[in-house]
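Worksheet for the structure shown next.
The values are calculated or read from the model by the stated rules, or taken from the named source; none is laboratory data. What you see is a predicted model, and the numbers here were worked out from it, not measured in a lab. Note that each Cβ is placed from the backbone with ideal geometry, even for glycine, and that neighbours are counted across all protein chains shown.
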Amino acid sequence: MRIVTARVNHETNTFSPLATPLAAFNPLWGDAALAAGRDSTTALGAFIRFGEARGATVVVPVSAHANPSGPVADAAFAALAAAILDAVRPGCDAILLDLHGAMVTESHDDGEGELLARIRALAPGVLLGVALDLHGNITGRMVDNCDAIAGFKTYPHVDMAETGARVAGIVGRMLDGGLAPCRAWVHPPMLAHTLRMDTRVPGPMQAAVAAARAAEARPGVLAATIFGGFSLADLSEAGVSVTVTAETQAAADAAARDLAAGLWNAREDFVYAEAPLADSIAAAQAALAGPGEGPVLLLDHGDNCMSGGTCDVMDVLAAALAAGMDGILAGPICDPEAVAALHAAGVGAPVACGLGNRVPLPGFPRQAPLPVSGTVAALGDGQYVITGPTYTGQSCHMGRAAVLDTGAARILVTEEPHEPWDLGVFTGSGLDPAAARVLILKSRMYCRPVFEPIARAVVECASRGVTSSDYGLFPFAKLARPIFPLDADAAWPPR
């Protein structure tokens, strides 16, 4: 038995100015991809373990993951797709793919649908299973060109391997004979806000996932997924959707229809109304004056790396400093120019420079870098290892790092945009986030399992960046309309 499996992950923010060349994926090829994936807590890891447990020859042509950014370069997509197609071409018994579901390329709005269609055309009779991210913008083309499909049920995502195992299990039953699953896809016209998709706490997404798990307990239902979608993508099929893989078409259709109706009925609950930044700063000041220990955590969700943000919008830090806050620890702020200046000055040197606001944001007013001055407190290589719970054991590199101490704030500046996955983001530069009074992170969700436990309070802060929760800032042109909450006349089922 020969099984081809691969990982190609990208969540595309079509409004992001950040380029996505092949190098952004840090791709691993062939044996290196197999070795890295084998023990990983990803769907790819589950696929490899599934194949090897069956005694199959497992071929991993590529493992590639890029942080969210603008559309994927055509050359990058061509190289990644070619690696998979070349591995499939000699023949195989099954194909298992760890994809995202929200990849847009320069030429294809539906990157995953294009990839799957090419694979189907090359190997029309080969079993094909796909694991996807909860934030995938699922399309009919994706569903039509696979045999089994399922997505994560957690956000932050801690069930990536579990999702891969579910997909592999369905394909395993097909390999063993007697199963020919059917699929259903329903896409009610609604955009959900990412900050309303936290599955750890009571809320609309937790309830929707519970309904999906209940659907999987129905006779004949093999996998049911609620996809929250990724709304910062201007394509016709962006938004919430449901997929079901089942033993019969009737079972798939019924479960998908019921789950979609539940989503539509709860649509108001999926809307996040962000507070003005001034109100959030006031709330942080009130929390500082109240009881509790640990820092007040300010989450700058309008400039979030893991949604395509530049990580250099200075709104929140500037507002905190203007309000007279001190004991601030902020970062990572992406500013290669500032990093170069701090490294050139050396540890202990006084420095005055501009910080952030370097990358022009199309459609947004241009702001000047924030003037800062202080002492270079630390310099480093920006490397650390994630301790968990997401991407546990993965080595991370932020580019070179530097710490500027202004007196009121210690600011971690890096050469690359980076999600604060772990305390190691700061401890690697000699900083103790638990000792800060105010901790400013450019993150929506992935930081929470690690940083919330050390915080006395969490305050979500709106900056005017390309990951803003204010959809009115974005000039949607391709998005199918009407759609809730942008349009009052959105309806489902269609009138």
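Those strands (runs of 3 or more DSSP E) of segment 80-194 in which 2 or more residues are small (Gly, Ala, Ser) and more than 27 Å from Leu486 (Cβ to Cβ) occupy 127-132, 148-151. Restricting the search to segment 177-221, which residues are of a type in the set (Val, Ile, Thr) and in contact with a Pro (Cβ under 9 Å, 6 or more places away or on another chain)? Within segment 177-221, just Thr199 meets the criteria.
When Ala289 is tested against (1) over 21 Å from Val201 (Cα atoms); (2) touching a Leu at 6+ places or on another chain (Cβ under 7 Å), exactly one condition is not met: (2).
Among the criteria (1) free of Cβ contacts under 8 Å to residues at least 60 places away in the same chain; (2) not in a helix (DSSP H, G or I), the one Ala215 does not fulfil is (2). Scanning segment 414-432 finds one or more residues that are touching a residue at least 40 places away in the same chain (Cβ under 8 Å), assigned to a strand (DSSP E or B) and in the same structural domain as Ile333 (by TED's automatic domain parsing). Every condition in (1) within 26 Å of the chain's Cα centre (by Cα); (2) part of a helix (DSSP H, G or I); (3) surrounded by fewer than 24 Cβ atoms within 10 Å (Cβ to Cβ) holds for Gln285 except the one numbered (1). The number of residues in segment 83-108 being among the acidic types (Asp, Glu) and either outside the structural domain of Asp133 (by TED's automatic domain parsing) or surrounded by 20 or more Cβ atoms within 10 Å (Cβ to Cβ) (or both) comes to 1. Quick check on segment 290-306: of everything there that is small (Gly, Ala, Ser) and modelled with pLDDT of 95 or more, which residue is surrounded by the fewest Cβ atoms within 10 Å (Cβ to Cβ)? Once the filter is applied, the top-ranked residue is Gly294.
Return the only residue of Pro360, Pro350, Pro389, Pro449 being touching a strand residue (DSSP E or B) at 6+ places or on another chain (Cβ under 9 Å), in the same structural domain as Gly309 (by TED's automatic domain parsing) and touching a residue at least 24 places away in the same chain (Cβ under 8 Å).
Just a single option satisfies the conditions, and that option is Pro350.
Just to check your reading of the model, which residue among Asp258, Asp253, Asp312 is acidic (Asp, Glu) and crowded, with 20+ Cβ neighbours inside 10 Å?
Asp312
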